[in-house]
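The values are calculated or read from the model by the stated rules, or taken from the named source; none is laboratory data. Here the structure is a predicted model, which means the values were calculated and not measured. Here the Cβ is made from the backbone with ideal geometry for all residues, glycine too, and neighbour counts use every protein chain on show. The area values use the complete protein model at the heavy-atom level, side chains included, leaving out ligands, DNA and RNA. Shrake-Rupley method; radii C 1.70, N 1.55, O 1.52, S 1.80 Å.
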Amino acid sequence: MNSQAHKIIFISASLALLLLFRFPLWKISLGIPQYPKDITVHIWIDKMVNHTKKAMEIINVLNHNIGMKAIEPHSIPELKYFRWIVYGMVLIGIIAGMSGNRKVMISWLGVLVLLCVAGLADFYAWQYHYGHDLDPAAPIAVEGKSFQPPLIGKKTIVNFTVISLPMAGAVVPAVSFILGVIAIRLTIKR
């Protein structure tokens, strides 16, 4: 095998992270009896996209009725700075790959794993905050109820059915990780 294969594979692992801008990370769908189709929002690394026309507007009206704050993508800081973290990881990954240094490449993979765990924890905290910090003066108050969607899976909250699932973008870091591990294993075989 080419003596530079490990470098090429590792650089490919870091460049694969750019696919986070091509595919959504997560999808949250809200099913309610009053609407014939689920109201769905796709969450990307740097934006939230309505799957159906005015989905966010409908969700915010429903959220207001139960006391949740409005979800305003432009006010979510993560959607602004996550893109820069991805760009930084790509750049550092390219440098690590070009160096061919196993310890540097392992460190990059470690940071990638930590960022994925931190991203999931942040998403959970965001859901928790929105689902538990309810206005007590809301038009519809359900004593002792939170409206936190599941991190992954399906949950019925009063008469709402919420489905939260990872999408293709959530697989991208795993692909990068696997490619990185392959590259590191090639350095061991050399």
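At-a-glance table
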| read-out | value |
| --- | --- |
| Residue check for Ile32: open to solvent by less than 80 Å² (accessible area, probe 1.4 Å) and more than 22 Å from the chain's Cα centre (by Cα) | yes |
| Filter result (assigned to a helix (DSSP H, G or I) and of a type in the set (Gly, Ala, Ser)) within segment 106-137 | Ser107, Gly110, Ala118, Gly119, Ala121, Ala125, Gly131 |
| Hits in segment 138-162 - residues which are of a type in the set (Gly, Ala, Ser), surrounded by fewer than 11 Cβ atoms within 10 Å (Cβ to Cβ) and part of a loop (DSSP other than H, G, I, E, B) | Gly144 |
| Matching residues in segment 17-29 - criterion: being touching a Pro at 6+ places or on another chain (Cβ under 9 Å), at pLDDT 90 or above and open to solvent by 30 Å² or more (accessible area, probe 1.4 Å) | Leu25, Lys27 |
| Residue match in segment 170-184 (condition: over 29 Å from Lys47 (Cα atoms), over 17 Å from the mean Cα position of the chain (by Cα) and surrounded by fewer than 14 Cβ atoms within 10 Å (Cβ to Cβ)) | no |
| Filtered residues of segment 35-51 (kept if more than 18 Å from Gly153 (Cβ to Cβ), assigned to a loop (DSSP other than H, G, I, E, B) and open to solvent by 40 Å² or more (accessible area, probe 1.4 Å)) | Tyr35, Pro36, Lys37, Trp44, Lys47, His51 |
| Answer residue from segment 52-74, given it is part of a helix (DSSP H, G or I), open to solvent by 80 Å² or more (accessible area, probe 1.4 Å) and closer than 20 Å to Tyr35 by Cα and is modelled with the lowest pLDDT among those | His64 |
| Unmet requirement for Ser14, which otherwise passes all of (1) of a type in the set (Ser, Thr, Tyr); (2) open to solvent by less than 40 Å² (accessible area, probe 1.4 Å); (3) within 21 Å of Ile140 (Cβ to Cβ) | (3) |
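Results for (1) open to solvent by less than 30 Å² (accessible area, probe 1.4 Å); (2) over 27 Å from Phe23 (Cβ atoms), shown as yes or no for each residue.
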| position | (1), (2) |
| --- | --- |
| Ser99 | no, yes |
| Trp126 | no, no |
| His132 | no, yes |
| Ser164 | yes, no |
